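Following: one structure in structure tokens, then a few remarks.
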Ligand SMILES: [Zn+2]
Ligand SMILES: [Zn+2]
């Protein structure tokens, strides 16, 4: 996911390029992201390159209900600004001083060879877009709280969930309360 932006940097304000990511994959934070797809639009500003992207990908997670493998679809829309190391390439008049104090996110640097590497920034965005409680399927029935059977595979005869059990004992207490004289 590396784009050579030499042409863009040595062009003029407002120049743009379109690219496409097609069926790529990579590892980030011990997670494999596959089927990465989507359009990339790069636009040159006076000192930076703005990137717009609309990316879909797939990863494997653990289902939050049944603990089986869940295949999760992710989508991110990115709007990021990338900063070239070779600022002099863009700044034809050379009348501006480099801003040494400015903090550049290393994921958003265009390197000395004018390569814009999207992998880190895209990886971070995709990881952030993974749902907190992924499901193997929307209608996943989860694990039985009583016998631990995967209820997608095994229709056990236990009360439907732990909360049902609680409610049942609470009902009994309430019945007792109603029976006792006030
Ligand atoms: Zn599940
Ligand atoms: Zn059960």
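Things to note:
- Exactly one residue out of 67, 33 is more than 16 Å from ligand 2 (Cβ to nearest atom), assigned by TED's automatic domain parsing to the domain that holds residue 80 and either surrounded by 15 or more Cβ atoms within 10 Å (Cβ to Cβ) or not in a strand (DSSP E or B) (or both), and it is 33.
- Test: residue 161 is outside the structural domain of residue 66 (by TED's automatic domain parsing), at pLDDT below 90 and more than 33 Å from the chain's Cα centre (by Cα): no
- Of the set (1) modelled with pLDDT under 95; (2) under 12 Å from the mean Cα position of the chain (by Cα), all apply to residue 101 but (2).
- Residue 46 falls short on exactly one of the conditions (1) assigned to a loop (DSSP other than H, G, I, E, B); (2) modelled with pLDDT of 95 or more, and that condition is (2).
The values are calculated or read from the model by the stated rules, or taken from the named source; none is laboratory data. What you see is a predicted model, and the numbers here were worked out from it, not measured in a lab. No Cβ is skipped: glycine too gets one built from the backbone with ideal geometry, and neighbour counts run over all protein chains shown.
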